[in-house]
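Please treat every number below as a calculation from the coordinates, not as lab data. This one's a predicted model, so the numbers in the text were calculated from it and none came from an experiment. Positions of Cβ are generated from backbone atoms using ideal geometry, with glycine treated the same way; all protein chains shown enter the neighbour counts.
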Amino acid sequence: MPIINPDTSAMTDMGPIAAGTYPATIQGVQYKNSKAGNPMLEIDFQVEVEEGKQRPRKSWAVITGEGAFNFDQLLRATGFHALADQYKDKDVQPKPSFDTDMLIGQKVNVVIEGNLYNNEMRDQIKSYLPA
């Protein structure tokens, strides 16, 4: 049997993040389709869970239809109020284009809540607030 010398002193806790509001930075944005076929964004965040400690998390935002409230909220939290107003206004046609790369590097506050999934507690980004 091998003899090993483990050192777990630098390990990162990957358990759920406690419910609360945390500063976060958008690291990446990918365009995808939801299971229902709706266009959406998958947003990668670095969430600052405590001074100097960050944890990666993902969030999803549908960009059209009744479920687009998270996208509207994200635009407003990142300072794109005028664009959010245009996307929401039914009289504005055609809707302006949006370069998702403009979200990368943006700082927001994310509201995290606990979520029970398959009898296991997980965290989930529920909403976005201005930083």
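Give me the extension gain from Asp7 to Lys32: residue separation times 0.36 nm, minus the current Cα-Cα distance, reported in nm with one decimal.
Length gained between Asp7 and Lys32: 5.0 nm.
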*Enumerate lysine pairs in the chain that are 8 or more residues apart or on different chains, then count those whose Cα atoms are under 25 Å apart.*
18
*List the GluC sites (Glu not before Pro) within the range 1-102 that fall in a DSSP loop (any state other than H, G, I, E or B) and whose Cβ has at most 13 other Cβ atoms within 10 Å.*
Glu51, Glu66
*Förster radius 25 Å - calculated FRET efficiency between Ala18 and Leu129 (Cβ-Cβ, nearest 0.05)*: 0.90
*Exactly which trypsin sites (Lys or Arg not before Pro) in the range 11-54 are in a DSSP loop and have at most 11 other Cβ atoms within 10 Å?*
Lys35
*Along the three principal axes, how long is the range 20-130 when you take its alpha carbons, biggest first, rounded to the nearest angstrom?*
43, 31, 20
*List every residue whose amide H lies under 5 Å from the amide H of Ile63, counting only residues 5 or more places away in sequence or on a different chain, with H placed 1.01 Å from N in the peptide plane.*
Met40, Leu41
*asked:* Over the chain, with a Gaussian network built from C-alpha contacts below 10 Å, which listed residue (Gly114, Gly52, Gly28) shows the highest mean-square fluctuation?
replied: Gly52
*Listing Leu129, Leu74 from the residue with the fewest other Cβ atoms within 10 Å to the one with the most, what is the order?*
Leu129, Leu74
